[in-house]
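See structure below.
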Amino acid sequence: MAQSRELPLLVSYFEPFGGADLNASGLVTELMGRPDAPRLEVISLPVSFEKAWPTLAAKLFAGTAYGAIIALGEAGGRKKISLERIGINWQESAAPDNDGAQPLGEKILPTGPDGCFSSLPIGELHRDLLGKTPLEIEISNSAGTFVCNHLMYQLVHWAHRSRVPAGFIHVPALRPSDGDYSITKGALLTTLASLFSQITHLVNNSSAQNPRGR
């Protein structure tokens, strides 16, 4: 009975970027219906400073209730799954987004706070899953200044006002040409399933202890 009352997680992922055929965040679609993962709804977002947040916001404002909102992106050079702590009110890019936009250093919201912290329980998640997943999970203090950070800042800025658990997670930038792609892809999906299940567990416990909402 308790499981039927669990709200689904809304998970966003990005389209491929910069001529790549894959954005590793999109692998999350393969978790749909897996028995080791909680109920998920997924949405693809453009790699666009202008369009990413409005695309996600339109989904949020459609009226469906979610247990938590998780935005995924990929980070080249990282080997771990990164729970981002903070989105900063700054956008600056060394390369254009998929629309050709390339901000050279400006605030995302001119009158917004300098930073907005994730409202996901990242400390608990890190402690609870430490050493228990095939890919290591870390807490990151920098989501960069590209579209990933732009989206995180807008999302968590909205989430704090709406009292909804929300945050951003970076995954390694896997590519099919990698020699160990199939093995690492399997480890990534298993780790994300465990992570999403633990988020669902923590959010439900928080709701039960605070029935008026978060």
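Where a number appears in this text, it was derived from the coordinates with a stated rule and is not lab data. Remember, it's a predicted structure, so these values are computed and weren't measured experimentally. Glycine also receives a Cβ, built like all others from the backbone with ideal geometry; neighbour counts cover every protein chain displayed.
Miscellaneous remarks
- Global form of segment 1-83, assessed from the alpha-carbon gyration tensor, a/c cut-off 1.5: oblate
- Percent antiparallel among DSSP beta bridges (both partners in segment 58-140, rounded to 5): 55 percent
- Of Lys79/Lys185; Lys80/Lys107; Lys80/Lys185; Lys80/Lys132; Lys59/Lys185, those spanning more than 18 Å from alpha-carbon to alpha-carbon: Lys80/Lys107; Lys59/Lys185
- Order of Met152, Met32 - criterion: other Cβ atoms within 10 Å of each residue's Cβ, fewest first: Met32, Met152
- For segment 8-209, size of Cβ-based charge dipole, Lys and Arg +1, Asp and Glu -1, in debye: 500 debye
- When you restrict to C-alpha pairs under 8 Å that are six or more residues apart and normalise by the size of segment 8-209, the relative contact order lands at 30 percent.
- For the pair segment 56-106 / segment 138-198, the C-alpha centres are spaced 9 Å from each other.
- Projecting the Cα atoms of Cys116, Thr184, Asn204 onto the dipole axis of the chain, where Lys and Arg carry +1 and Asp and Glu carry -1 at the beta carbon, places Asn204 farthest toward the positive end.
- Cα gyration tensor shape for segment 92-209, rounded if a/c is under 1.5, else prolate or oblate: oblate
- Three semi-axes of the equivalent ellipsoid, the chain, Cα gyration tensor, whole Å, largest first: 25, 22, 15
- For Trp53, net neighbour charge (Lys/Arg +1, Asp/Glu -1) across residues whose Cβ lies under 13 Å away: 0
- Three principal axis extents describe the C-alpha atoms of segment 137-180; from largest down they are 44, 21, 18 Å.
- Over the chain, dividing the summed -39,500 (n - 2.57) contributions of all DSSP H runs of at least 4 residues by the number of residues returns a 222 nm mean residue ellipticity of -9500 deg cm²/dmol.
- Length added when fully stretched, His160-Asp36, from 0.36 nm per residue minus Cα-Cα: 41.7 nm
- Counted charge near Gly144, where neighbours are those whose Cβ lies closer than 10 Å (Asp, Glu -1; Lys, Arg +1): -2
- Fully extended contour minus Cα-Cα distance, from Ala95 to Asp114, at 0.36 nm per residue: 4.5 nm
- Kyte-Doolittle mean at least -0.5 and Cα axial length at least 20 Å: DSSP H helices in the chain: 147-162, 181-209
- Antiparallel %, DSSP beta bridges [both residues in the chain], to 5: 25 percent
- Amide H contacts of Ala68 (H built 1.01 Å from N, under 5 Å, at least 5 apart or other chain): Leu10
- Ranking of Ser118, Ser197, Ser140 by count of other Cβ atoms within 10 Å, fewest first: Ser197, Ser140, Ser118
- Å³ per residue enclosed by the Cα convex hull of segment 55-138: 151 Å³
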